[in-house]
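The values are calculated or read from the model by the stated rules, or taken from the named source; none is laboratory data. Not measured: the values here are computed from a predicted model. No Cβ is skipped: glycine too gets one built from the backbone with ideal geometry, and neighbour counts run over all protein chains shown. Remember, those area values only see protein heavy atoms, side chains included, never the ligands or the DNA or RNA. Shrake-Rupley method; radii C 1.70, N 1.55, O 1.52, S 1.80 Å.
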Amino acid sequence: MAQTAPKSKAHPQVVIPRSSTHQLTPTKHAHPPPKALPADLSVMLLSAADEYIAAARGMGALVAREKREADVRQYYKLMATGLGCMDTVLRDFSLMPRDEAKLRLRYASLLVEETDNTAEIDEVISKQISLCGRCRLQDLKYASLHLQARYQFKTNHRAALKALDKPISEAETFQHIAWVYAFRFLKVSLALQIPGRIELVPALQQLHAILAHAEKRGDRAIYVAGSALEAMVHLRSGAPDRLEQAQRAIAAARSLQLQVSTKQLGSFGTLIDIIDVACGIQHGTPNSKKSTALIEAMLDEKTDSMRSETGVFTVLVERSFGGNLTYDTGGIFRKNSDGKDELAFGWLPKEDLTTLCFHISALDQNIHEKGLSYVKEAHQRSRGALKRHFPYSIPIAVAVTQMNWNRVLDWHSMFTIGLIASFRDSQSVANEALTILRKRAAKSPYDSQEVYTRTLSYLSAVLDQKAGSLESASRTYATDTFQLPEKSSSFSARTDLAILAALNRLLIIRSPGHPQYSMANALLHQLQPFCENHSNQYIQMAYRLVRAMSSPDASINRQKTLMHTAVNRANGIYTHTQNREFVIMALCYFTKSFFADQVGEKSIQAIRATRQNAKLSRKPLWMAVAFGLCMSTYQRNGLIEEAQKAQQEYDEVRHLLPPALTGGDDVDAEGEDDA
């Protein structure tokens, strides 16, 4: 039987949990078997099926990790034997209708999870739905329609989404609200799994319908879960107002979150916190208190036991009681100790969720030392996950998906390590990260995937630029990989990297002596619609600063106005984020352009302020630039002793500069030769 690898769970999804303890044994026979078979033979066959399936699932993680052909054959042999036992009971024994429907549902679920036997799956599900309809087994019928939509989605996305309209309509007509939640959440989950684009409108329509029912009926945990998913849908969209909409949804979720327990909400509480931090990252307004609290919550031993080892968790359906309609659902619903319904979702296992939180928190605290330590922890956890032993039974396909998820997250962690290390002048760490990514690029699941090629190229160009290999960096930034889209109506990680590449390229070619200087003005105008109203204040600030530095034809007053505005905005960013990079960059250019060549108190005040900020930044490059400005300005103003002190300070940091900046003629603050 060929395995079918499911999509990685980027968000909580409605699932049927795969439990090795789920017994297939029927309660009783409708009448004696037509053949003279032992009365308990069907019980024996189904017990054997349970054991074979449990044995196969027990080695699923090992098979996925080691990929030994003998283990693969053994896995599918055990699974085929278990399925064969179930098939024999269905064909040769007469069961009570409910027992037969339960068995068919389990059999069909296994076929969907473990095989590509399309014809057999279609036949089994069709017979199952007909049986449930004839015998009025509404709970099992709903569960079968749920399974059918998930199966159909593998081959025809739109048909699967369309197929859910009928059971949703039926459940709403008869006020089977628990099932309305199940079907609508499933439709959201499937819509978000369609590759290549976000089905924003259909997903939001379903979520708004869920929220309306939950608010009206007082199903508070369902309302919080729906609001959390709405926030995630907005965050993943390319809409200009996506961050504002996501924050509104988070506020709606938080309005009721404290009224329900962590157990009633499952992993949705953590999802809300992750989205909240992610919104700050995308807006360029990091909040270290939130990201630190996220890590502390994940490592809290008191709540650790409440998190799902397998990634499957439940959300309480507080008021909309399903009764017998949620009795036999193949795991879609569970009954808690109070007899209330709980809707099952599947997201990330506990260990993987912790890894994700470390990665998100690293992005939030990227300018601080904690940022690098957090992302290194994420990297170590991702690598460890590829070797860990799963303490629970799992199909091969699910194990492969979880391993690939960790590989993908680890790629982004290494990319982040490279960028943060470069920012912190840890060039050996940054170069090591680049080397690791280059080695991985040709392997699965990274090979031939544009997103990995793009991030690898960007990191390579950034490190070239940092090392002074400006021509190499400029060539990479100018490739089609970083081509800006024609319209600026939507935003994505791809567009953001293209914007950053263009801004970095402008810093290289803006010098009048550069061979591509004539392209600078056109590139600046091309960037304008993408940057001026960008949701991330860092990108807005970078564009304003580059524009101010790339307008030599403007009048002196206009240049001063642009730079003064840029310096003020840079100071504002520093005040709120402690990111001093824009401040020192703006001050160096402002001082060089308008004060360094002047004689008088203002010029001395300007270079002293620049020198002070450069020393606070602890960046060798900016300290060297500031000390160089001090040397020439002090000499021009007759402050020989001060100039000598600045010369000494420059000599102390010179050896820390890239060889490309120290091997030739003197270089000023803009990377241009002094006249």
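Couple of notes before you dig in:
- Filtering the stretch 70-84 for residues that are closer than 30 Å to Leu325 by Cα, among the hydroxyl-bearing types (Ser, Thr, Tyr) and either assigned to a helix (DSSP H, G or I) or out of contact with any helix residue (DSSP H, G or I) (no Cβ under 7 Å at 6 or more places or on another chain) (or both) leaves an empty set.
- Scope the stretch 411-467; condition of a type in the set (S, T, N, Q), open to solvent by 40 Å² or more (accessible area, probe 1.4 Å) and not in a helix (DSSP H, G or I); matching residues: Ser444, Ser448, Gln449
- Residues of the stretch 258-285 that are in contact with a helix residue (DSSP H, G or I) (Cβ under 7 Å, 6 or more places away or on another chain) and open to solvent by 40 Å² or more (accessible area, probe 1.4 Å): Gln259, Thr262, Gln264, Asp273, Ile281, Gln282, His283, Thr285.
- Selection status of Leu363, in contact with a Ser or Thr (Cβ under 7 Å, 6 or more places away or on another chain), over 23 Å from Leu140 (Cβ atoms), open to solvent by 10 Å² or more (accessible area, probe 1.4 Å) and part of a helix (DSSP H, G or I): yes
- Residues of the stretch 545-571 satisfying the condition of being open to solvent by less than 30 Å² (accessible area, probe 1.4 Å) and in a helix (DSSP H, G or I): Leu545, Val546, Ala548, Met549, Gln559, Leu562, Met563, Ala566, Val567, Ala570
- Of the numbered criteria (1) farther than 21 Å from Leu353 by Cα; (2) more than 17 Å from the chain's Cα centre (by Cα), the one Arg242 fails is (2).
- Filtered by the rule that a residue be open to solvent by less than 70 Å² (accessible area, probe 1.4 Å) and either under 21 Å from His525 (Cα atoms) or not in a helix (DSSP H, G or I) (or both), the stretch 572-588 gives Asn579, Arg580, Ala586.
- Top-ranked residue of the stretch 212-227 - restricted to ones that are touching a residue at least 24 places away in the same chain (Cβ under 8 Å) and of a type outside the set (Gly, Ala, Ser), ranked as farthest from Val260 (Cα to Cα): His213
- Sole exception among (1) more than 19 Å from Asn504 (Cβ to Cβ); (2) among the charged types (D, E, K, R); (3) open to solvent by 60 Å² or more (accessible area, probe 1.4 Å) for Glu532, by number: (1)
- Residue that is most open to solvent (accessible area, probe 1.4 Å) [pool: residues in the stretch 167-190 that are in a helix (DSSP H, G or I) and free of Cβ contacts under 8 Å to residues at least 24 places away in the same chain]: Thr173
- Wholly within the stretch 88-166, helices (runs of 4 or more DSSP H) carrying at least 1 residues that are under 34 Å from the mean Cα position of the chain (by Cα) and closer than 19 Å to Gly331 by Cβ: 97-114, 118-134, 138-153
- Odd one out for Gly339 among (1) of a type outside the set (Phe, Trp, Tyr); (2) assigned to a helix (DSSP H, G or I); (3) open to solvent by less than 40 Å² (accessible area, probe 1.4 Å); (4) free of Cβ contacts under 8 Å to residues at least 60 places away in the same chain: (2)
- Only helices (runs of 4 or more DSSP H) whose full extent lies in the stretch 592-657 are considered here, and the ones with at least 1 residues that are more than 40 Å from the chain's Cα centre (by Cα) and surrounded by fewer than 13 Cβ atoms within 10 Å (Cβ to Cβ) are 601-617, 640-654.
- Scan of the stretch 192-245 for residues that are among the aliphatic types (A, V, I, L, M) and outside any helix (DSSP H, G or I), ordered by number: Ile194, Ile198, Ala239
- Of residues in the stretch 216-237 being small (Gly, Ala, Ser) and either in contact with a helix residue (DSSP H, G or I) (Cβ under 8 Å, 6 or more places away or on another chain) or surrounded by 24 or more Cβ atoms within 10 Å (Cβ to Cβ) (or both), the one modelled with the lowest pLDDT: Ser237
- Selection within the stretch 317-330 - open to solvent by 10 Å² or more (accessible area, probe 1.4 Å) and either touching a strand residue (DSSP E or B) at 6+ places or on another chain (Cβ under 6 Å) or free of Cβ contacts under 8 Å to residues at least 12 places away in the same chain (or both): Gly322, Gly323
- Residue within the stretch 204-212 that is under 19 Å from Leu140 (Cα atoms) and small (Gly, Ala, Ser) present: no
- Of the residues examined, Lys487 is not one that is modelled with pLDDT under 95, buried (at least 16 other Cβ atoms within 10 Å of the Cβ) and over 23 Å from the mean Cα position of the chain (by Cα).
- Every pair of residues 6+ apart whose Cβ atoms lie under 6 Å, when the first sits in the stretch 424-435 and is over 13 Å from Asp464 (Cα atoms) while the second is part of a helix (DSSP H, G or I): Val429/Ala421; Ala433/Met414; Ala433/Ile417; Ala433/Gly418
- Looking across the stretch 48-66, the residues that are open to solvent by less than 40 Å² (accessible area, probe 1.4 Å) and either among the small types (Gly, Ala, Ser) or in a helix (DSSP H, G or I) (or both) come down to Ala48, Ala49, Asp50, Ile53, Ala54, Ala56, Arg57, Gly60, Ala61, Val63, Ala64.
- Whichever residue in the stretch 92-103 is open to solvent by 30 Å² or more (accessible area, probe 1.4 Å) and not small (Gly, Ala, Ser) and, among such residues, is farthest from Cys132 (Cα to Cα): Asp92
- When we screen Ser255, Ser288, Ser308 for residues that are surrounded by fewer than 23 Cβ atoms within 10 Å (Cβ to Cβ), free of Cβ contacts under 8 Å to residues at least 12 places away in the same chain and of a type in the set (Ser, Thr, Tyr), the only hit is Ser255.
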